[in-house]
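K.L.:
My questions all concern the structure below.
The values are calculated or read from the model by the stated rules, or taken from the named source; none is laboratory data. Remember, it's a predicted structure, so these values are computed and weren't measured experimentally. Ideal geometry is used to build each Cβ from the backbone, glycine not excepted, and the neighbour counts take in all protein chains shown. Accessible surface is based on the protein model in full, side chains and every heavy atom, while ligands, DNA and RNA are left aside. Shrake-Rupley method; radii C 1.70, N 1.55, O 1.52, S 1.80 Å.
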Amino acid sequence: MSERQGSGAMTANSKASAGQGRQGRQETPSKHEKKEVPAEDFDIDMKAPETEKAAVAIQSQFRKFQKKKQDVKS
């Protein structure tokens, strides 16, 4: 069997200490503070067949979600 690595921004090790201030509470920036976010450079081949398949799958799920959301409102 193969092990899967988490593809999210945080792993198990970084979740415990990420964004925590004194006494284990998360610090939230005030409205007036602007958070400096470094630009990330993604190297994704947009013409690759795997990328196109993934895009179609994501779009399909999004359309299903939107349709279900509209049906619930009605």
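K.L.:
Given (1) loosely packed, with under 10 Cβ neighbours inside 10 Å; (2) at pLDDT 60 or above; (3) part of a helix (DSSP H, G or I), where does N13 come up short, assuming only one miss?
P.N.:
It fails just one condition, (2).
K.L.:
Looking at this structure, is T51 open to solvent by 100 Å² or more (accessible area, probe 1.4 Å), at pLDDT 60 or above and hydroxyl-bearing (S, T, Y)?
P.N.:
No, not satisfied.
K.L.:
Next question. Would you confirm, using the coordinates I've provided, whether Q26 is at pLDDT below 95 and surrounded by 10 or more Cβ atoms within 10 Å (Cβ to Cβ)?
P.N.:
no
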